[in-house]
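Have a look at the structure below, then the notes.
The values are calculated or read from the model by the stated rules, or taken from the named source; none is laboratory data. For clarity, every value in this text was computed on a predicted model and none was experimentally measured. The accessibility values were calculated without ligands, DNA or RNA, using every heavy atom of the protein model including side chains. Shrake-Rupley method; radii C 1.70, N 1.55, O 1.52, S 1.80 Å.
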Amino acid sequence: MNWTQIWIDLFGATEWLGLNMGFWVANGVVLVVVVIMNVVFWNMKPLPRDE
């Protein structure tokens with residue numbers, strides 16, 4: 001399975017704004033990880049303080 005050929009068949013190019021599709025895929029993965037981390041951490045409740 002050739003991902004580059006599939007991408008070309010769908011979109012007609014392997015670059016966008018002068019940058020390779022691998023760059024955009026990697027940025028998309030990082031964006032998804034950051035969003036998931038934010039959702040998880042913002043929904044955590046603080047531990048009760050024992051004094």
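So the values come out like this:
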quantity: Per-residue [θ]222 nm for the chain (sum of -39500 (n - 2.57) over DSSP H runs n ≥ 4, rounded to 500); calculated: -20000 deg cm²/dmol
quantity: Crossing angle, helix 21-42 versus the chain [Cα axis fit, 0-90 degrees, rounded to tens]; calculated: 10
quantity: Correct choice for semi-axes √(5λ) of the Cα gyration tensor in Å that was computed from the model, options (1) 41, 10, 7; (2) 41, 17, 4; (3) 33, 10, 6; calculated: (1)
quantity: Residue-normalised accessible area of the range 1-47, given per residue in Å² at a 1.4 Å probe; calculated: 94
quantity: Stretchable slack from Asn43 to Asn2, in nm (0.36 nm times residue separation minus alpha-carbon distance); calculated: 10.8 nm
